[in-house]
Every structure is written in structure tokens, then in C-alpha cells.
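Visitor: Structure provided below as C-alpha cells; questions to follow.
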Amino acid sequence: HVQLVESGGGSVQAGGSLRLSCVTSDYTGTYCLGWFRQAPGKEREPVASIDAYGTTHYTDSVNDRFTISKEHEKKTSYLQMNKLKPEDSAMYYCAARVYHHGSWDVASDYDYWGQGTQVTVS
């Protein structure tokens, strides 16, 4: 069973930056690491992902502002968020997909989830 733990959320003014971290218990056993977010009353939406080969995907609303990366030695993925906007406010979740098949932006295709970390932009 893969466990994921997020950290790095908080409150920041518009235009500021935050870096989210996600430590995985079984880094080598996952094919894709993703970040999703969910605001109150809305569906969980994809933010970014990175696969085993370093291929990344981003949703249009965060292009040129967010960067996803990973460090193999620390079994950790990161989401660097710059130029934050109020509409970025949400609970952010990291997720792991074990198998090659599946879509990067479909929440139900991921196998494991972290507890979430709150991001508030004002």
C-alpha cells in the first residue's frame, strides 16, 4: 500500500508563491505522480502530473505559473506555484498511479491519495 503525505500549504497574497511537497512510501512502484485540487462546492480538478520518464502535464489555468518536479532520492514530488491567484485557492491533493494505463487528468485513474493541504490566496 502506497502512502502519500503532502505539506507546504498555507495562506498567501495574490502574486505570491508556495511550494507543495508530496513524500511517497513507494516511489519506484508508481508510474505517475499527480496533483489535484478541489474548492468547496466544486469537483476535484487536475493540476499537473509527472510520469516515470519525466513527462509533465498541466491544466491550462496554471500554465507558465506552476511547475511539477520530483527528486528520486527523497521519493518526493513538488509543485512550485508562482503568481498565485485567488481562484487557485483549494485543497491540494497529491496522487499516485501505479500502472501505465490511465489518463493524467482523471482522478479515478489514480490508486492512492494524500490527505490534502490547504492553499488560500487572497
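Visitor: Filter segment 69-83 down to the residues that are within 13 Å of the chain's Cα centre (by Cα) and either at pLDDT below 95 or open to solvent by 10 Å² or more (accessible area, probe 1.4 Å) (or both), then identify the one that is farthest from Ser25 (Cα to Cα).
Guide: Once the filter is applied, the top-ranked residue is Gln80.
Visitor: If I ask for residues that are open to solvent by 20 Å² or more (accessible area, probe 1.4 Å), among the hydrophobic types (A, V, I, L, M, F, W, C) and not in a strand (DSSP E or B), which ones from segment 84-101 would you list?
Guide: Passing the criteria: only Val98.
Visitor: Could you run through segment 39-66 and say how many residues are closer than 19 Å to Arg97 by Cα, assigned to a strand (DSSP E or B) and either touching a residue at least 40 places away in the same chain (Cβ under 8 Å) or under 11 Å from the mean Cα position of the chain (by Cα) (or both)?
Guide: 9
Visitor: Oh, and also: Does segment 6-37 hold any residues that are touching a residue at least 60 places away in the same chain (Cβ under 8 Å), closer than 14 Å to Asp51 by Cβ and not in a strand (DSSP E or B), and which are they?
Guide: Selection gives Gly29, Thr30, Tyr31.
Visitor: Output the residues belonging to segment 102-111 that are outside any loop (DSSP other than H, G, I, E, B) and either touching a Cys at 6+ places or on another chain (Cβ under 9 Å) or farther than 15 Å from Ser49 by Cα (or both).
Guide: Within segment 102-111, just Asp109 meets the criteria.
The values are calculated or read from the model by the stated rules, or taken from the named source; none is laboratory data. Treat the numbers as computed from the prediction; the structure is a model and nothing was measured. Glycine also receives a Cβ, built like all others from the backbone with ideal geometry; neighbour counts cover every protein chain displayed. Side chains are part of the model used for accessible areas, which takes the heavy atoms of the whole protein and leaves out ligands, DNA and RNA. Shrake-Rupley method; radii C 1.70, N 1.55, O 1.52, S 1.80 Å.
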